[in-house]
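Undergrad: Would you mind keeping the following structure in view while I ask a few things?
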Amino acid sequence: MQTSQQESDTLSFQATLEKLKTLGWYHSLCLPSGQVIEGLQTLERLKLRIAQFEIPEDLTGKRVLDVGAWDGWFTFEMERRGASVVAIDLNKGTNFPTARTLMNSQAEYHIMDVLDLSPDKFGLFDIVLCFGVLYHLKHPLLALERLYSVSSDRVLIESHVSESDHPQANPRMEFYESTELYGQFDNWVGPNINCLVAWCRATGFAATELNSVLGNRAHVSCSKKWPESPVPRSRNNAYILAVQNATGNDHRFRGTHDDYISIWFDSPDTGIGVDEVFPTVGDYGIRPVAVAYSGGAWLANLKIPSGLEKGWYDVTLRVRDGMASNKVRIGINQPSYLPAAPANPAIEILGIADNATWERGKVRLRPGGSIAAWIAGVPGIAVSCDMVELFLNGTSLPCVYVSPVSENGTVQVNALVPDGLPPGRAHVQARYLDSLSVPVDLILQ
């Protein structure tokens, strides 16, 4: 039966190829003059494909990337709606250059591999189209990560699926070593519907939605941002206790590697699942891969967003319909120290101690452990955790308490310290608004 199906696919492909040779065009096009160039894909079919996604009719001011543009119908459609479009395709034998001239198009066109995409080359796009591409790739997950890295919000996927009538099936994928799919040697994989959606989630997208399935084609919308939340409860129902690398148990994070982050947090809610925790790193939401209650606190593990540039990013989360939590800052591709302090810092750390043993200059690594620091130079006004911050080896620590300002301008700041850090020498810096103290050494035990 399998051999018969393969033979049928090969014959179908040969017939399609002959028709394509006769027409000369894969995409049909309606030229500005009203003349229609007939292609293998009719205008009705092309319009049906784009209609599977919610794309605004007015894209003025938006940037769109069309991956695998071929003859360019989707490029020109996005341009018609007002977008600035960049089109790429690996195949040099398409009619895109001719079509661009006929359509009076201003779209950029590049012959390049999707795996060569990076923000450095083209910047970020509001919408990325990836229609009929993924199953042609030997490394589809890597390709999705490249698409993720150049997107500021939405990536829209259309792909062949191996099973279109079992949407509840376990994620699985067919691999085509040769010409098993449609008689084409450049077809590598056939995910089922749930596998395609799982690929998008594993890439790190915050929200992934299956729009529709037409025959053996599935249409999936991916977003790097969480949907607008319902009216939140009037109180914060989550508080971040600690943030660290999920595998190294340290504070080093790399935007160019497959790093995962662990967020420990308190919440009065019970029975929390992965679809009820909404973490954000910088501007982007990330769906957790696991959420569990462990050691008296909740733990969410999630992937660091791909393609983040070197810098400092705020981490927050919310649970269900709660408000956003406190912010904890992490460094991406940063050394384990902050930039040099100003020559005449306005604030100074007078002392450091473990917040339980009160042993000076030493902090014990234990679950729920915290550090106390006494900071001079703070003006005699009310000070909160939003205004003052402690950094351990360059990583922001969750502030849990700030004392009133004393007469001589000194405050006590308490902050949580992750217990998974390696023992040894470390240093602490304090920040008050834009002022940064010089580092003070301490011992982690």
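The values are calculated or read from the model by the stated rules, or taken from the named source; none is laboratory data. Please read these numbers as outputs of a predicted model, since none were measured by experiment. Glycine gets a Cβ as well: all are built from the backbone with ideal geometry, and neighbour counts include every protein chain shown. For accessibility, only protein heavy atoms count, side chains too; no ligands or nucleic acids. Shrake-Rupley method; radii C 1.70, N 1.55, O 1.52, S 1.80 Å.
Undergrad: Please tell me if residue 365 is open to solvent by less than 10 Å² (accessible area, probe 1.4 Å), modelled with pLDDT under 90 and closer than 20 Å to residue 328 by Cα.
TA: Against the criterion (open to solvent by less than 10 Å² (accessible area, probe 1.4 Å), modelled with pLDDT under 90 and closer than 20 Å to residue 328 by Cα), residue 365 does not qualify.
Undergrad: Out of everything in the stretch 52-78 that is assigned to a loop (DSSP other than H, G, I, E, B) and more than 25 Å from the chain's Cα centre (by Cα), what residue ends up being surrounded by the fewest Cβ atoms within 10 Å (Cβ to Cβ)?
TA: Among those residues, the one meeting the criterion is 57.
Undergrad: Please verify whether residue 366 is farther than 12 Å from residue 353 by Cα, part of a strand (DSSP E or B) and touching an Asp or Glu at 6+ places or on another chain (Cβ under 7 Å), treating the condition exactly as stated.
TA: When the stated conditions are applied, residue 366 does not pass them.
Undergrad: How many residues are open to solvent by 10 Å² or more (accessible area, probe 1.4 Å), assigned to a loop (DSSP other than H, G, I, E, B) and in contact with a strand residue (DSSP E or B) (Cβ under 8 Å, 6 or more places away or on another chain) if we restrict to the stretch 387-408?
TA: 6
Undergrad: Step by step: first the residues of the stretch 88-115, then only those that are in contact with an Asp or Glu (Cβ under 7 Å, 6 or more places away or on another chain) and of a type in the set (Ser, Thr, Tyr), then the one that is nearest to residue 142 (Cα to Cα). Which residue is that?
TA: 94
Undergrad: Which of the residues that make up the stretch 38-65 are within 22 Å of residue 88 (Cβ to Cβ) and at pLDDT below 95?
TA: 39, 40, 41
Undergrad: State whether one or more residues within the stretch 344-353 are of a type in the set (Asp, Glu), at pLDDT 90 or above and open to solvent by 60 Å² or more (accessible area, probe 1.4 Å).
TA: Yes, the stretch 344-353 contains a residue that is of a type in the set (Asp, Glu), at pLDDT 90 or above and open to solvent by 60 Å² or more (accessible area, probe 1.4 Å).
Undergrad: Give the number of residues within the stretch 302-322 that are open to solvent by less than 40 Å² (accessible area, probe 1.4 Å), touching a residue at least 40 places away in the same chain (Cβ under 8 Å) and more than 14 Å from the chain's Cα centre (by Cα).
TA: 5
Undergrad: Follow-up question, since we're still on this one. Quick check on the stretch 200-218: of everything there that is of a type in the set (A, V, I, L, M, F, W, C) and open to solvent by 20 Å² or more (accessible area, probe 1.4 Å), which residue is nearest to residue 260 (Cα to Cα)?
TA: Result: 202.
Undergrad: For residue 44, indicate whether it is under 25 Å from residue 210 (Cα atoms), open to solvent by 30 Å² or more (accessible area, probe 1.4 Å), more than 27 Å from the chain's Cα centre (by Cα) and of a type in the set (Asp, Glu).
TA: In short, yes.
Undergrad: Further, regarding this structure: How about the stretch 192-215: which of its residues are under 19 Å from residue 146 (Cα atoms), assigned to a strand (DSSP E or B) and of a type outside the set (S, T, N, Q)?
TA: The one that is under 19 Å from residue 146 (Cα atoms), assigned to a strand (DSSP E or B) and of a type outside the set (S, T, N, Q): 207.
Undergrad: Checking residue 174 against (1) at pLDDT below 95; (2) part of a strand (DSSP E or B); (3) closer than 27 Å to residue 82 by Cβ; (4) over 18 Å from the mean Cα position of the chain (by Cα), which single condition isn't satisfied?
TA: (3)
Undergrad: Additional query: For residues in the stretch 186-199 being among the polar types (S, T, N, Q) and closer than 11 Å to residue 163 by Cα, which is surrounded by the fewest Cβ atoms within 10 Å (Cβ to Cβ)?
TA: Residue satisfying both the conditions and the ranking: 194.
Undergrad: List pairs: first residue in the stretch 83-104 and touching a residue at least 40 places away in the same chain (Cβ under 8 Å), second residue in a loop (DSSP other than H, G, I, E, B) and of a type in the set (Phe, Trp, Tyr) anywhere in the structure, Cβ distance under 6 angstrom, at least six positions apart or on different chains.
TA: 94/70; 95/25
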